[in-house]
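Remarks on the structure that follows.
Derivation of every value follows stated rules applied to the coordinates shown; laboratory data play no part. All values derive from a computational prediction rather than experimental measurement. Positions of Cβ are generated from backbone atoms using ideal geometry, with glycine treated the same way; all protein chains shown enter the neighbour counts.
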Amino acid sequence: MNMKKYDDILIGSGPAAYKMSNLLAQTDRRVLVIEGFEYGGTCPNYGCEPKIFLEGATRTVLQSQQLLGRGISQPAKLDWEALMQTKLERFDPWPGETRDIIKKNHDVEDGYASFIDNQTVSVNGHQYQADHIIIATGQTPNILDIPGKEYLHTSYDLLSLKELPQRITIIGAGFVGLELATLVAAAGAEVTIVVHSDRVLREFTKTEDEALVNAMQQRGIKFSFNTDTQKVSQGKDGLLVTTDHGEIQTDYVLDATGRHPNIEKLALENTDIEYDRHGINVDGHLMTTVDGVYAIGDVVNRKQPKLTPVAEFEGQYLFDYLTGKTDQDIVYPTIGQAAFTFPEVARAGVNPDDVVNDSNYQIKKVSLKYGSLYAGQNDQISTLTLVFKDQQLVGASEIGDYAADDINNFLPIIGLKINGKEYRQKVMAIYPTLGDKVAGLLP
């Protein structure tokens, strides 16, 4: 069999690989991109991009309900069929368009890559080697291994539904579960969320989590905490979800119990690449335990959150490293993260709950509901929490209608270590927004 060789092989085409692919297109390196799923990966096809697109209509509906009797006499109603049609029109062409962009500069192979040995990958009966093989296969949704698992659906399925089921049960209360619960409940579905533990989103503070759950419950979303799903079966009236706390009648079951590294088809057992359930192990240069083989994006085993900007950052870093622009270990910036629920929760830097009993840190909590911007939206829940150490802002978190945008005001201050005096001398934010209040919140 003929062996074709490249300078670089990218396995996957999601945000990390796509970033690197575009950078490599500026060089004379010979590159092969292998993709067995949708070109562009999860984010633009089934993840953050369509999710935030759908969030626009969802937010409008929920805010109109929140303003009922305060200038709004008739709340907006979400038309699921029309919304999904606009979503399909926007996003269905993306995989093909992404493939075309990559193919303008690189070779592409449609199919799943598997390793034959440490230096060789095979796809569609063809074998390839390269100076650098970069694994960027991301993550894929979990499916609970329970009786009736054939009735379980993933976020990929739900975001392609043309008709909305009347009753939806969601197993799991992480980012995906809560964001999609917000969406389908706003569209009129009866939603029950089955939660394995005693709380949701542990990335945020317990107080914020409880406030979010309370807000969702007030809109009719049901939660069943400390509950394990045992099986799903076909009943007389739709599906029946059996848990250790009883049964739930439903029409549709979404498995939102998390995601796992998308490595099953890679045949890593044929290599010396080390990995575990969290992903592929890498060093400070993102190289695996095999020389010349690297991993970037959500498939990597790392403590940083598995987000699109982090994946793209790794793509940029690895390009710089492999092209001799740096020889330093990767250093991650301050990373913000948010759940696009309603209200939103967002944070960056030190989590207040982690240092609440540490005298080296000072925590300031600020209710934002009295500001005209928030009062005008009837946003009664917005609360900002700031964490300081030695007069320097090191953490920020918020729950509120626009928490993600609000927290973005604080990311540069944390990441660049700007103190209050420097900020007040160099920044005058737009009034009257939260940005205008930042100066007064810093010591």
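Taking region 14-40 as the range and being assigned to a helix (DSSP H, G or I), more than 22 Å from the chain's Cα centre (by Cα) and surrounded by 23 or more Cβ atoms within 10 Å (Cβ to Cβ) as the test, only 24 passes. Within region 352-379, being more than 20 Å from residue 403 (Cα to Cα), of a type in the set (Ser, Thr, Tyr) and surrounded by fewer than 16 Cβ atoms within 10 Å (Cβ to Cβ) holds for one residue alone: 359.
The criterion of at least 3 residues that are of a type in the set (Asp, Glu), over 22 Å from residue 59 (Cβ atoms) and under 22 Å from the mean Cα position of the chain (by Cα) is met by none of the helices (runs of 4 or more DSSP H) falling completely within region 379-430.
The C-beta contact set for region 173-197 (first residue more than 15 Å from residue 217 (Cβ to Cβ), second residue part of a helix (DSSP H, G or I), distance under 7 angstrom, 6+ apart or interchain) comprises 176/155; 179/51; 180/155; 180/158; 183/54; 183/58; 187/80. Among the residues that make up region 59-68, is at least one of them of a type in the set (Lys, Arg) and in contact with a Phe, Trp or Tyr (Cβ under 7 Å, 6 or more places away or on another chain)? There is at least one residue in region 59-68 that is of a type in the set (Lys, Arg) and in contact with a Phe, Trp or Tyr (Cβ under 7 Å, 6 or more places away or on another chain). Taking the criterion of being assigned to a loop (DSSP other than H, G, I, E, B) and either surrounded by fewer than 16 Cβ atoms within 10 Å (Cβ to Cβ) or free of Cβ contacts under 8 Å to residues at least 12 places away in the same chain (or both), the residues of region 237-266 that qualify are 237, 244, 245, 251, 258.
If you check 310, 290, which single one turns out to be of a type outside the set (D, E, K, R) and assigned to a loop (DSSP other than H, G, I, E, B)? Give the steps one after another, and end with the answer.
Numbers: 310 fails: assigned to a loop (DSSP other than H, G, I, E, B).
Matching residue, one of 310, 290: 290.
Restrict the check to region 358-375 and report whether at least one residue is assigned to a strand (DSSP E or B) and closer than 28 Å to residue 220 by Cβ.
Yes, because at least one residue in region 358-375 is assigned to a strand (DSSP E or B) and closer than 28 Å to residue 220 by Cβ.
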